[in-house]
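Enquirer: This is the structure I have questions about; it appears just below.
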Amino acid sequence: MVSRPPLLKQPTATKTIKKKLVQTKNGSTKTIVPRKVKNARVAGFGEEVASRLDPKSVLPKITMNKKIKKNFFPRIFEDGELREDKKIDYFYRKAWDAQDEFFSTATTRELIKGIESKKKYSEMTSQEKKHLSELLDIASAARMSTEGAGNVVDENKVMQHPANAEKALFADPLETRSEHAFYDNERKRYVEDAIERAIKADMNASEIVIEGVKASIEYSTNYFIAPIMAENVFKETKAAKEKVPKIRLQRQMLEREAAKDLYEELGGKIPAADPKETMEMSQKRKWTPKRDRNKNVLVAPPSPRRRIK
């Protein structure tokens, strides 16, 4: 595992935008990078994707959940023109509703806007459109249900992704909004850093996006979404207090494992579990997000498989 590398300098056009210094709950201060700066960075990545687009490059074959609506990419254009931001967000989220999109809606939107600024959709060949649509569907495939997206870290502090309050497994989503915002933003940063590394490594367009998707799965399984049956997780959750049926807990665990399936289909490698580990030990194995001494996330593959059934 290696410590996350620092960002490159922000695009020149955004340097005049002032950053905000705010005080956190524990009394420390942190710098907030304005959204325009973040968006400009991702749009720049999109320009790189457009300039390196090769419709002849072979995309990995993935197992797409039958519930996912494919080809959202062409639907975000009307008469050859890119729709407004809200419409782009709508079509991406509706590709499979009530899900936590690992490769975020905002990152996808700004990446596409960057592609469009460099290479107009109306000027693309049919092969380029098809290739991009299939590539972005791979990004869209990295999802799991919002009710099971949450964690327990930082001295039993629980986080729940916004979801149906009755079905949420970890906590009342209204009570953990700030915690969710933290993890959501940190995941975006982790994914964007991976994309940046791929660009610096001179990868082609499909490889750049796939590295971002793999990173979204790494962060989601290592930091964002805990295995709810882990012994140091379950006892602190809403599911434990409400005595949720075991089948729902297993479903949450299986969804996390499905994300690991996708990771491997995209060429990622997952460490092997201890061969002496039983199924029960696998399910209850402690979940411990690892950070460096400065509390930065570490770049690493998902943890070993957990056997559910």
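Enquirer: Quantify how much of the Cα-Cα distance distribution of the stretch 155-250 extends past 18 Å, in percent. Show your work: numbers first, answer last.
Expert: Working: 2478 of 4560 pairs.
Beyond 18 Å sits 54 percent of the P(r) for the stretch 155-250.
Enquirer: Taking the alpha carbon gyration tensor of the stretch 204-308, what are the square roots of 5 times its eigenvalues, largest first, to the nearest whole Å? Don't jump to the answer; show the numbers that get you there.
Expert: Numbers: eigenvalues 128, 50, 40 Å².
Over the Cα atoms of the stretch 204-308, the semi-axes work out to 25, 16, 14 Å.
Enquirer: Still on this model: Taking a ≥ b ≥ c as the square roots of the Cα gyration tensor eigenvalues, with a/c under 1.5 meaning rounded and otherwise prolate when a/b beats b/c, else oblate, which class fits the stretch 74-206?
Expert: Details: a/c = 2.74, a/b = 1.78, b/c = 1.54.
Note, shape of the stretch 74-206 comes out prolate.
Enquirer: Can I ask one more? If I fit a long axis through the Cα atoms of helix 246-265 and take the longest principal axis of the Cα atoms of the chain, what angle between them do I get, 0 to 90°, rounded to 10?
Expert: 40
Enquirer: Please work out whether the stretch 247-293 counts as rounded, prolate or oblate from its C-alpha gyration tensor, where a ≥ b ≥ c are the square roots of the eigenvalues and a/c under 1.5 means rounded, while otherwise a/b larger than b/c means prolate and anything else oblate? Could you put the intermediate results ahead of the total?
Expert: Numbers: a/c = 1.34, a/b = 1.06, b/c = 1.26.
It is rounded, given that a/c, with a ≥ b ≥ c, falls under 1.5.
Enquirer: Which order do Thr125, Thr108 take when ranked by solvent-accessible area (1.4 Å probe, heavy atoms of all protein chains), largest first?
Expert: Largest to smallest exposure gives the sequence Thr125, Thr108.
Enquirer: Right, something else. By how many degrees, 0 to 90 and rounded to 10, does the Cα axis of helix 177-200 deviate from the longest principal axis of the chain?
Expert: 50
Enquirer: How far, in nm, would the chain grow between Glu257 and Asn71 when pulled straight, counting 0.36 nm per residue and subtracting the alpha carbon separation?
Expert: 64.5 nm
Enquirer: Calculate the length of the line joining the C-alpha centroid of the stretch 217-294 to that of the stretch 88-103, in whole Å.
Expert: So the separation of the two Cα centres works out to 23 Å.
Enquirer: Enter the angle in degrees (range 0 to 90, nearest 10) between the Cα long axis of helix 35-51 and the first principal axis of the Cα atoms of the chain, meaning the one along which they spread out most.
Expert: 60
Enquirer: Where a Cα-Cα gap under 14 Å defines reach, which aspartates and glutamates qualify for Lys241, not counting those fewer than 8 residues away within the same chain?
Expert: Glu166, Asp172
Enquirer: Are there trypsin sites (Lys or Arg not before Pro) in the stretch 46-80 that DSSP puts in a loop and that have at most 11 other Cβ atoms within 10 Å, and which ones?
Expert: Working: sites: Arg52, Lys56, Lys61, Lys66, Lys67, Lys69, Lys70, Arg75; in loops: Arg52, Lys56, Lys61, Lys66, Lys67, Lys69, Lys70.
Loop-located and lightly packed - Lys56, Lys61, Lys66, Lys67.
Enquirer: Just to be sure I understand the model, the point goes 7 Å from the Cα along the line to the Cβ. What's the resulting Ser133 to Asp89 distance in nm?
Expert: For the pair Ser133/Asp89, the computed spacing is 2.6 nm.
Enquirer: Additional query: With a cut-off of at most 15 other beta carbons within 10 Å, and DSSP calling the residue loop, which trypsin sites (Lys or Arg not before Pro) in the stretch 171-271 qualify? Please list them. Walk me through the numbers on the way to the answer.
Expert: Details: sites: Arg177, Arg187, Lys188, Arg189, Arg197, Lys200, Lys214, Lys235, Lys238, Lys241, Lys243, Lys246, Arg248, Arg251, Arg256, Lys260, Lys269; in loops: Lys243, Lys269.
Here the sparse-neighbourhood loop sites are Lys243, Lys269.
The values are calculated or read from the model by the stated rules, or taken from the named source; none is laboratory data. Everything numeric here is computed off the predicted structure, so don't read it as measured data. Note: ideal-geometry Cβ built from the backbone for every residue, glycine included; neighbour counts use all protein chains shown. With ligands, DNA and RNA removed, areas are computed over all heavy atoms of the protein, side chains included. Shrake-Rupley method; radii C 1.70, N 1.55, O 1.52, S 1.80 Å.
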